[in-house]
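What follows is a short report on a single structure.
The values are calculated or read from the model by the stated rules, or taken from the named source; none is laboratory data. On a predicted model such as this, the values are computed, not experimentally measured, just so you know. Backbone-built Cβ (ideal geometry, glycine too); neighbour counts: all protein chains shown. Each accessible area value is taken on the protein alone, full model and side chains, heavy atoms only, with ligands, DNA and RNA left out. Shrake-Rupley method; radii C 1.70, N 1.55, O 1.52, S 1.80 Å.
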Amino acid sequence: MVDKPFLLPPFVKTVFSKLPSYPGTFFFVNGLNLLLKKHLPEDVLTRLEDKKLRLVVKDAGICFDYSWRNHAFVACAGHAEEPDLIISSSVYDYWQMIQRKEDPDTLFFSRRMMIEGDTELGLMVKNTLDGIDLSVLSPEQVLKNLPGMQIIGRLVKPANDHDARHSSLT
């Protein structure tokens, strides 16, 4: 069964588009550095050096402006410069891609994901996303990889064997 595409209600875009983008971008790049950076090939990171990227979440009315500098993703001041690459899609389509229910090519060719700017850079990013095991972004993996969660997992003991088999912290 194929999920029906979902768009956030228009009032979400109205509210979120009025918020400053930098705080969200700061948290976004920290998430990229924590979860995704270690999975990116060195040649991709070299090609990303000093490139301005923008990820647009169309139905939420938000965007994240960021760059790769000095071995880390960093937040850029919103709309300070025209980005080298803009990737736009909906929350639903990004989530489908993370879950591997949709691939970037399908989203692109069905016009549910737009890639603008440096074509070569866009193809490299799209191919890199397609080649990475995006399950590292699943909620269970995110929680498991947060700093300190291994310690908490060792301190919190399940009450019985059933709980031990279903604990994602250990």
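Here each label is just a point 7 Å from Cα along the line to Cβ, and for R69 and V44 those points are 2.2 nm apart.
The calculated FRET efficiency for S135 paired with S88, based on their beta-carbon distance and R0 = 35 Å, is about 0.90.
Straight-line reach from K101: taking Cα to Cα under 16 Å and skipping same-chain neighbours fewer than 8 places apart, the lysines in range are K4, K126. In the context of the full set of protein chains, the range 41-110 has a per residue accessible area of 48 Å² (1.4 Å probe). Pairs of Lys residues in the range 14-87 are counted when their Cα atoms are under 19 angstrom apart and they lie 8 or more places apart or on different chains; the count is 4. Considering only V12, G31, V91, the residue lying farthest towards the positive end of the dipole of the range 1-119 is V12, judged by Cα position with unit charges set on Cβ.
Compared with the direct C-alpha span, the chain from V15 to L123 gains 35.6 nm at full extension, assuming 0.36 nm per residue.
Classified by the C-alpha gyration tensor, the range 15-120 has a rounded form. Its axis ratio a/c, with a ≥ b ≥ c, is below 1.5.
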